[in-house]
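Everything below concerns the one structure shown next.
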Amino acid sequence: MFTNTLRDFLGDVQMYAEDDPIHTRVNEVFRAALYDIANTRSKIGQTFDSSEIYIVAHSEGTVVSWKSLTMAALEAVPPAWLDEIKGVVTLGSPIDKHRAFWGAQNFPADPLPADRKTKIPWWNFWDYSDPVAYSLDAIFPAPGAA
């Protein structure tokens with residue numbers, strides 16, 4: 001059972017972290033969903049007063065959303081949906097573990113140059129008893145923290 005869990009789950013995590021084509025394809029699917037939000041709004045026939053997007057992600061989804069948002073912010077012309085994102089909530093995020101296992105080059109703490117920082121409020125929740133996900137303060141210190 002434990003061997004199957006390691007192979008089936010951690011294998012997917014390793015493939016995302018180490019295989020560039022898989023990494024790129026997963027991020028493309030996430031970004032395609034963001035590009036499709038306007039289309040989805042029209043499909044449900046709802047009129048919205050504003051275009052606000054809030055992302056809620058869990059576990060490996062937190063890594064995918066963080067990497068996708070970072071890559072979008074680094075583009076010469078960031079996608080229009082990036083300005084619509086008003087908040088990100090992560091639950092049980094292993095971003096710090098990705099950085100520990102696969103290095104700061106692939107999972108940097110602060111990948112954006114000062115002039116390219118888009119401030120998106122981010123709330124991260126974790127359980128002290130979770131062996132994988134914990135506080136991200138070590139790699140993303142709060143503004144003004146020493």
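The values are calculated or read from the model by the stated rules, or taken from the named source; none is laboratory data. All values reported here derive from a predicted model rather than from experimental measurement. Cβ sites come from the backbone with ideal geometry, for glycine too, and all protein chains shown count toward neighbours. Only protein heavy atoms, including side chains, enter the accessible area calculation; ligands, DNA and RNA are left aside. Shrake-Rupley method; radii C 1.70, N 1.55, O 1.52, S 1.80 Å.
Assessment of region 89-112 against the conditions (modelled with pLDDT of 80 or more and more than 24 Å from residue 15 (Cα to Cα)) yields at least one matching residue.
Applying a threshold of 9 Å to beta carbon distances and a minimum spacing of six or more residues, or different chains, the list of pairs starting in region 28-55 at a residue that is within 13 Å of residue 84 (Cα to Cα) and at pLDDT below 80 and ending at one that is among the hydroxyl-bearing types (Ser, Thr, Tyr) and open to solvent by 60 Å² or more (accessible area, probe 1.4 Å) is empty.
Within region 75-104, being more than 17 Å from residue 26 (Cβ to Cβ), among the aliphatic types (A, V, I, L, M) and assigned to a helix (DSSP H, G or I) holds for 82, 100.
Return yes or no: is residue 62 at pLDDT 85 or above and either surrounded by fewer than 16 Cβ atoms within 10 Å (Cβ to Cβ) or out of contact with any Gly (no Cβ under 6 Å at 6 or more places or on another chain) (or both)? First the steps, then the outcome.
Values: at pLDDT 85 or above: yes; either surrounded by fewer than 16 Cβ atoms within 10 Å (Cβ to Cβ) or out of contact with any Gly (no Cβ under 6 Å at 6 or more places or on another chain) (or both): yes.
Yes, satisfied.
Scanning region 80-103 for residues that are farther than 21 Å from residue 127 by Cβ and either among the basic types (Lys, Arg) or open to solvent by 50 Å² or more (accessible area, probe 1.4 Å) (or both) yields 80, 83, 86, 102.
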